[in-house]
1. State which residue pairs qualify: first residue more than 6 Å from ligand 2 (Cβ to nearest atom) and inside segment 23-34, second residue among the hydrophobic types (A, V, I, L, M, F, W, C) in any location, beta carbons under 7 Å apart, and separation of 6 or more residues or different chains.
2. Please go through segment 212-227 and pick out each residue that is in contact with an Asp or Glu (Cβ under 7 Å, 6 or more places away or on another chain) and either among the β-branched types (Val, Ile, Thr) or surrounded by fewer than 24 Cβ atoms within 10 Å (Cβ to Cβ) (or both).
3. Spot the failing condition for Phe316; the list is (1) touching a strand residue (DSSP E or B) at 6+ places or on another chain (Cβ under 9 Å); (2) crowded, with 19+ Cβ neighbours inside 10 Å, and only one is missed.
4. Where residues in segment 369-403 are part of a helix (DSSP H, G or I) and hydrophobic (A, V, I, L, M, F, W, C), which of them is nearest to Gly243 (Cα to Cα)?
5. Among (1) within 8 Å of ligand 1 (Cβ to nearest atom); (2) within 15 Å of Pro154 (Cβ to Cβ); (3) assigned to a helix (DSSP H, G or I), there is one condition Cys31 misses while meeting the rest; what is its number?
6. Of a type outside the set (D, E, K, R) and part of a helix (DSSP H, G or I): is that true of Gly406 in this structure?
7. Checking the conditions here, which among Val90, Val39, Val73 is in a loop (DSSP other than H, G, I, E, B), within 11 Å of ligand 1 (Cβ to nearest atom), crowded, with 16+ Cβ neighbours inside 10 Å and not hydroxyl-bearing (Ser, Thr, Tyr)?
8. Wholly within segment 101-204, which helices (runs of 4 or more DSSP H) include no fewer than the required count, namely at least 1 residues that are closer than 29 Å to Ala412 by Cβ and touching a Cys at 6+ places or on another chain (Cβ under 8 Å)?
Amino acid sequence: MQTNFTLAQLSDAETARSEQILRKCVHCGFCTATCPTFVLLGDERDSPRGRIYFIKAMLEGDRAPTESEVRHVDRCLSCLACMTTCPSGVNYMYLVDHGRHHIEIRYTRALSDRFLRGVLARLMPRPALLRWALVLGRLAKPLAAMLPATSADPGGATLLRRLRAMLEAVPGRLAGPSSVDRPQTFPAAGLRRKRVALMPGCGQQVLAPEVNEATVRLLTRHDMEVVNVAGSGCCGSSVMHVGRKEEALAFAKRNIEAWLREIDGAGLDAIVINASGCGTTVKDYGHMLADDPVWKNKAAQVAGLAKDVSELMLDFGLANVTARPLTVAYHSACSMQHGQKVIEQPKKLLRDAGFIVKDVPEGHICCGWAGTYQLLQPELSRRLRDRKVANIESVRPDIIAAGNFGCIGNIAGGTGIPVAHTVELLDWATGGPRPPALR
Ligand code: SF4
Ligand code: SF4
């Protein structure tokens with residue numbers, strides 16, 4: 001694609017990188033076939049190619065984006081299916097992050113939009129605040145039925161429709177804080193073979209505390225010492241996806257600082273992540289801080305240690321398996337398959353644990369969760385969830401497994417089939433308790 005940036009614009013490192021990405025796009029449109037929003041809406045402006053044109057125009061013009069440009073970029077799930085499909089290697093992730101940051105600093109959103117985004121950006125990365133908000137949300141949850149279930153916008157991006165989605169997303173039951181989510185060291189069950197940090201995450205601690213509990217049991221049972229490092233927490237992705245780059249970088253630096261202290265102290269062989277969305281972000285810290293001379297090497301060092309829990313466990317192999325002859329439909333989260341390219345490892349582990357593993361038709365299409373997206377574009381999110389559930393149910397599984405707590409909660413809301421984290425199933429098969437979803 002031809003670009004027309006000025007030399008002054010290209011003196012900015014991020015713009016220079018985006019220009020290189022734009023020049024790789026040959027307009028072929030292969031990416032449109034696998035883009036969930038194009039599949040649903042059939043509008044070129046809701047396809048990767050359309051969004052690339054919009055981002056190019058706003059960056060080249062060095063101007064405030066138009067309302068239409070913002071609307072179509074907002075509808076992007078950041079699922080990255082387009083990156084998997086693109087034959088030219090266009091890094092859409094970096095481009096859309098740049099576009100979203102440009103929108104954040106150059107566009108004035110409607111007051112209600114600013115308010116909701118501000119609330120989400122404040123709550124999502126902070127488990128204690130999120131817990132309180134959900135407790136209050138439970139009181140207001142009955143009001144959801146009084147709010148509209150549809151809207152004039154195909155994404156559902158109107159104030160009342162979004163408020164309904166937020167109330168509907170409040171869980172009926174909320175487990176208390178888990179003791180594993182406090183900074184501490186969990187010793188290896190046998191002779192220590194590795195020492196790893198477990199990323200505590202943020203929303204998962206509140207919405208699915210059983211995942212970190214199962215991870216600690218699984219890793220320590222396989223002779224790993226696990227550290228929950230003081231000062232580590234949210235990866236920054238939930239604010240990055242609403243264009244708040246500076247806040248995302250602040251979360252990244254906090255984690256890097258905490259883990260480097262541990263690396264320089266007792267040492268770490270890996271940083272283990274069990275939420276694939278966070279894994280994609282931590283693995284990208286080197287890029288996120290590439291223009292910061294103080295942080296870039298530290299960020300690259302930490303990113304180099306980041307592993308999804310399935311990558312780590314496959315290196316180790318499962319010990320003392322009690323096979324469970326159940327059929328598992330494996331849902332590969334977008335951040336797992338498109339973001340991290342971790343595709344076979346979780347399925348291989350589930351098979352090694354004795355499960356019968358089935359792939360899901362249209363497995364490359366997002367389930368519609370995508371972090372804050374489920375709340376900001378609730379109707380597109382719901383349509384994608386229902387499509388995903390229909391595809392999963394077509395393989396008639398006993399259980400659904402996934403490696404991202406957001407997908408798990410989202411899919412569970414649309415089916416009666418139990419949904420568990422891959423780690424919970426591996427933990428169960430190697431001596432841990434039956435996952436709560438199966439009880
Ligand atoms: S990230 Fe997903 S939703 Fe966004 S343009 Fe690419 S394929 Fe479409
Ligand atoms: S597939 Fe790649 S090169 Fe083709 S239009 Fe999409 S982003 Fe551009």
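1. Arg23/Met1; Lys24/Val90; Thr32/Phe38; Thr34/Ala81; Thr34/Cys82
2. Hits for segment 212-227 are Arg217, Val227.
3. (2)
4. Within segment 369-403, the subset part of a helix (DSSP H, G or I) is 373-376, 378-393.
Now restrict to residues that are hydrophobic (A, V, I, L, M, F, W, C): 375-376, 380, 384, 389-390, 392.
Working: Leu375: 16, Leu376: 14, Leu380: 20, Leu384: 23, Val389: 30, Ala390: 32, Ile392: 32 Å.
Looking at the filtered set, the residue picked out is Leu376.
5. Evaluating Cys31 over (1) within 8 Å of ligand 1 (Cβ to nearest atom); (2) within 15 Å of Pro154 (Cβ to Cβ); (3) assigned to a helix (DSSP H, G or I) leaves (2) as the failure.
6. On the way: of a type outside the set (D, E, K, R): yes; part of a helix (DSSP H, G or I): yes.
Yes.
7. On the way: Val39 fails: in a loop (DSSP other than H, G, I, E, B); Val73 fails: in a loop (DSSP other than H, G, I, E, B).
Result of the check over Val90, Val39, Val73: Val90.
8. Values: elements: 111-123, 127-140, 159-169.
Those helices (runs of 4 or more DSSP H) span 127-140.
The values are calculated or read from the model by the stated rules, or taken from the named source; none is laboratory data. None of these values were measured; they are calculated from a predicted model. FYI the Cβ positions are ideal-geometry reconstructions off the backbone, even for glycines, and counts take in every protein chain you see.
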